[in-house]
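Take a look at the structure below.
The values are calculated or read from the model by the stated rules, or taken from the named source; none is laboratory data. Everything numeric here is computed off the predicted structure, so don't read it as measured data. All Cβ positions, even for glycine, are placed from backbone atoms using ideal geometry, and neighbour counts span all protein chains on display. Only protein heavy atoms, including side chains, enter the accessible area calculation; ligands, DNA and RNA are left aside. Shrake-Rupley method; radii C 1.70, N 1.55, O 1.52, S 1.80 Å.
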Amino acid sequence: MLNLVQNENMKLYLRIRTWIMVGLLVLIQIIFAFFLENTVFSWLAFADVSSYLTSIIAIYAIVTASSIVASEFSSGTIKMLLIRPVSRTKILMSKYISVLLYISFLLILNLLTSFIIGFIFFGSASASNDITLGTVLQNYGFTSIELLMTATFAFMISSLFRSSVLSIILSFIIHFFSSTVVLVLSQFNYTYGKFFLYSNTDLRQYFYGNQTNFEGMTLTFSIFILIVYFVLFHFVSLYAFKKRDVVV
Amino acid sequence: MTQSSVLEVKNVTKKINNKTIIDQISFSVNRGEIYGFLGPNGAGKTTTIRMIVGLMSLGEGDIIINGTSISKNFEKAMHSVGAIVENPEMYKFLSGYQNLVHYARMIPGISKARILEVTKLIGLEDRIHDKVKRYSLGMRQRLGIAQALLHKPSLLILDEPTNGLDPAGIRELRDYLRQLANEGISTLVSSHLLSEMELMCDRVAIIKEGKIIDVKSLKDSSEHRELQNKVIFEVNQPKKGFDIIKEKFEYKEMKLLENGFVLLLKREEIPKVNQSLVKEEILIYSINSTSKSLEDQFLELTN
Ligand SMILES: Nc1ncnc2c1ncn2[C@@H]1O[C@H](COP(=O)(O)OP(=O)(O)OP(=O)(O)O)[C@@H](O)[C@H]1O
Ligand SMILES: [Mg+2]
């Protein structure tokens, strides 16, 4: 299994695309820092602002997760992969793990570079406002949960389709309309809206005194819903991947 | 199950969208045997191979590799299989070497030395660190053969392996398969190149519309000799020679030509005809024998 993950990592990190994403992330932070240079900012405040760049990481997560399986079908390499003495379940899981590792890498990279760039541009003085290291890390924590669900969903789409382009586009459309759907559903206070995945992915709604997306939602409820979706997505992708006749 | 068969395909049927693609196919490949799979386009060669290597599910029937059923224990069965299915698609953004490392990691116990050994075997040492996207078709095919050989499988399955190889490459492959066969390794090979099959295989199954319609042994020399040759005798007195031979041997399928005559003969009969002509003092300028090849037989069977 470790070997398989190593393989997936090799294929991921030897693609130029992967490093362009990394480079862009750092570049955007530097541009941010330039814009904010003359404001009264602390390095922690900068780290806090940078934590919102995780929405870009979500985009990378979707691109990577939704293409990692489908691209093997597009390129025809899937058949070379599946004729080994390794079960399809292990192959699929190694790909999933490698996606999660990549997302973790991007998150940690984003956090560390925001500290470094923050220090360089704003010095080491601590903040005058109430931002602490804790709030920054908390933000990353909530984001991780969102990213986990987004990636798992995109990964399922990836195992359902043979074309990586189609898979990426579909995942994007769903990702970008999800918040609109939640908004519309909550406007009409549609009762079943609370069962919708994206009504539950942002757990901040329970911690920062905001209203929940729908009436009667609790933290336990959301966690339960997330777990159900998580298991469902994995079940669907495994079933599709194991069942499929490979005719590329 | 006989001890000597490495691959056993038992009554395998495959339907796609209610259309029967493979219809009750059964055959077995013995240890150290090179088994050919011959058939026109769309006959079902690739589909059969896809089922053997687990890319497609079996509709009905079972496939047994070294005593292990692929539907019961796929992983164990695949330990002894190396394969190419249609074109060997490699990761184009990786080097040939990285591709081999990738596949080597999927099976325990493949050393770096083995990767280099295989590289040398297929004659790609010079280019192995180039990216695959810069490889020619034949080089990709060679790399495909390399990945199939990495773990020293006891059954090689090669779907049209000569596709894209140059004549030297084809010859090397043929010699290498023969060498492997002598070491007890079996090969199932499909091809359109009928003459190629004749040179390469011990047995050939002829497949058409999802059915095996004939299995021919090529190793068995008695059957080989049975094959009729079309023999052209070029002589100075065609009519005289023709009459002598016709009278003496009572051949029915004989034809007089402008500068000689043509008849269907078994190989060992050629010297006898020759002797009779010499005895009658007929001058022979040439004897040309074209064996009725597998190709002719194949076309006869499939048309
Ligand atoms: N995914 C599929 N869906 C429907 N029919 C298919 C599919 N794959 C193959 N077939 C059909 O199955 C039959 C056998 O195809 P197969 O690829 O096994 O032939 P083949 O003997 O390998 O031919 P070739 O010599 O051209 O490689 C063909 O009639 C083909 O149209
Ligand atoms: Mg084919």
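Among the helices (runs of 4 or more DSSP H) contained in segment A:111-200, which hold 2 or more residues that are open to solvent by 30 Å² or more (accessible area, probe 1.4 Å)? Let's see the steps before the verdict.
Details: elements: A:133-160, A:164-187, A:197-200.
Here the list reads A:133-160, A:164-187.
The condition of being modelled with pLDDT of 85 or more, open to solvent by less than 60 Å² (accessible area, probe 1.4 Å) and among the aliphatic types (A, V, I, L, M) does not hold for B:ILE232.
Take A:SER98 and tell me if it is within 15 Å of the chain's Cα centre (by Cα) and within 14 Å of chain B (Cβ to nearest Cβ). It would help to see each step written out before you state the result.
Numbers: within 15 Å of the chain's Cα centre (by Cα): yes; within 14 Å of chain B (Cβ to nearest Cβ): yes.
Spelling it out, A:SER98 is indeed within 15 Å of the chain's Cα centre (by Cα) and within 14 Å of chain B (Cβ to nearest Cβ).
Looking across segment B:166-193, the residues that are buried (at least 19 other Cβ atoms within 10 Å of the Cβ) and within 18 Å of B:LYS120 (Cβ to Cβ) come down to B:GLY169, B:LEU173, B:LEU177, B:LEU180.
Taking segment A:1-46 as the search range and keeping residues that are more than 20 Å from the chain's Cα centre (by Cα) and not in a helix (DSSP H, G or I), which one is nearest to A:SER124 (Cα to Cα)? The extreme case among them is A:SER42.
If only residues of segment B:94-114 that are within 14 Å of chain A (Cβ to nearest Cβ), among the hydrophobic types (A, V, I, L, M, F, W, C) and part of a helix (DSSP H, G or I) are counted, the one that is nearest to B:LYS76 (Cα to Cα) is B:ALA104.
State which residue is nearest to B:ILE213 (Cα to Cα) when the search covers only segment B:47-89 and only residues that are of a type outside the set (A, V, I, L, M, F, W, C), buried (at least 20 other Cβ atoms within 10 Å of the Cβ) and within 12 Å of ligand 1 (Cβ to nearest atom). Within segment B:47-89, the match that is nearest to B:ILE213 (Cα to Cα) is B:THR48. For segment B:18-58, a tally of residues being away from ligand 2 (no atom under 16 Å from the Cβ), in a loop (DSSP other than H, G, I, E, B) and either at positive phi or not polar (S, T, N, Q) (or both) returns 6. So which residues in segment A:201-216 are open to solvent by 10 Å² or more (accessible area, probe 1.4 Å), over 16 Å from the mean Cα position of the chain (by Cα) and under 23 Å from A:PHE176 (Cβ atoms)? Matches in segment A:201-216: A:ARG204, A:GLN205, A:ASN210, A:THR212, A:ASN213. Would you confirm, using the coordinates I've provided, whether B:GLY59 is at pLDDT below 90 and more than 9 Å from every other protein chain (Cβ to nearest Cβ)? Yes; evaluated as a whole, the condition is true for this residue. Tell me whether segment B:175-182 contains one or more residues that are in contact (Cβ under 8 Å) with a residue 12 or more places away in the chain, touching a Leu at 6+ places or on another chain (Cβ under 8 Å), away from every other protein chain (no Cβ under 14 Å) and within 16 Å of ligand 2 (Cβ to nearest atom). Scanning segment B:175-182 turns up no residue that is in contact (Cβ under 8 Å) with a residue 12 or more places away in the chain, touching a Leu at 6+ places or on another chain (Cβ under 8 Å), away from every other protein chain (no Cβ under 14 Å) and within 16 Å of ligand 2 (Cβ to nearest atom).
Candidates are the residues of segment B:125-161 that are more than 11 Å from chain A (Cβ to nearest Cβ), out of contact with any Gly (no Cβ under 6 Å at 6 or more places or on another chain) and in a loop (DSSP other than H, G, I, E, B); the one that is farthest from ligand 2 (Cβ to nearest atom) is B:HIS129. The single condition from (1) within 14 Å of chain A (Cβ to nearest Cβ); (2) out of contact with any helix residue (DSSP H, G or I) (no Cβ under 7 Å at 6 or more places or on another chain); (3) of a type in the set (Ser, Thr, Tyr) that B:TYR35 fails is (1). Looking only at segment A:20-37, decide whether some residue is over 22 Å from A:PHE119 (Cβ atoms) and touching a strand residue (DSSP E or B) at 6+ places or on another chain (Cβ under 6 Å). Taking every residue of segment A:20-37 in turn, none turns out to be over 22 Å from A:PHE119 (Cβ atoms) and touching a strand residue (DSSP E or B) at 6+ places or on another chain (Cβ under 6 Å).
For segment B:137-174, enumerate the residues that are under 26 Å from B:LYS92 (Cβ atoms) and without any contact (Cβ under 8 Å) to a residue 12 or more places away in the chain.
Let us first name the residues in segment B:137-174 that are under 26 Å from B:LYS92 (Cβ atoms), namely B:137-151, B:153, B:156-166, B:168-170, B:172-173.
Matches in segment B:137-174: B:ALA168 only.
Within segment B:66-93, the set of residues being closer than 26 Å to B:GLY184 by Cβ, facing another protein chain (nearest Cβ under 8 Å) and free of Cβ contacts under 8 Å to residues at least 12 places away in the same chain comprises B:GLU75, B:LYS76.
Results for (1) farther than 14 Å from B:LYS45 by Cα; (2) within 12 Å of ligand 1 (Cβ to nearest atom); (3) among the β-branched types (Val, Ile, Thr), shown as yes or no for each residue.
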{"position": "B:GLY184", "(1), (2), (3)": "yes, no, no"}
{"position": "B:VAL189", "(1), (2), (3)": "no, no, yes"}
{"position": "B:SER195", "(1), (2), (3)": "yes, no, no"}
{"position": "B:GLU198", "(1), (2), (3)": "yes, no, no"}
{"position": "B:CYS201", "(1), (2), (3)": "yes, no, no"}
{"position": "B:LYS208", "(1), (2), (3)": "no, yes, no"}
{"position": "B:LYS211", "(1), (2), (3)": "no, yes, no"}
{"position": "B:SER217", "(1), (2), (3)": "yes, no, no"}
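Of all the numbered requirements in (1) of a type outside the set (Ser, Thr, Tyr); (2) in a loop (DSSP other than H, G, I, E, B); (3) farther than 23 Å from B:TYR285 by Cβ, B:GLU258 misses one, and that requirement is (3).
What about B:ILE84, is it of a type in the set (A, V, I, L, M, F, W, C) and closer than 24 Å to A:LYS11 by Cα? Spelling it out, B:ILE84 is indeed of a type in the set (A, V, I, L, M, F, W, C) and closer than 24 Å to A:LYS11 by Cα. Does B:LYS72 qualify as being assigned to a loop (DSSP other than H, G, I, E, B) and assigned by TED's automatic domain parsing to the domain that holds B:LEU193? Yes. Given the structure, is A:LEU226 of a type outside the set (Ser, Thr, Tyr), more than 30 Å from B:PHE74 (Cβ to Cβ) and touching a residue at least 60 places away in the same chain (Cβ under 8 Å)? So A:LEU226 passes the test.
Confirm whether A:SER67 is surrounded by fewer than 17 Cβ atoms within 10 Å (Cβ to Cβ) and either within 14 Å of chain B (Cβ to nearest Cβ) or in contact (Cβ under 8 Å) with a residue 12 or more places away in the chain (or both). When the stated conditions are applied, A:SER67 does not pass them.
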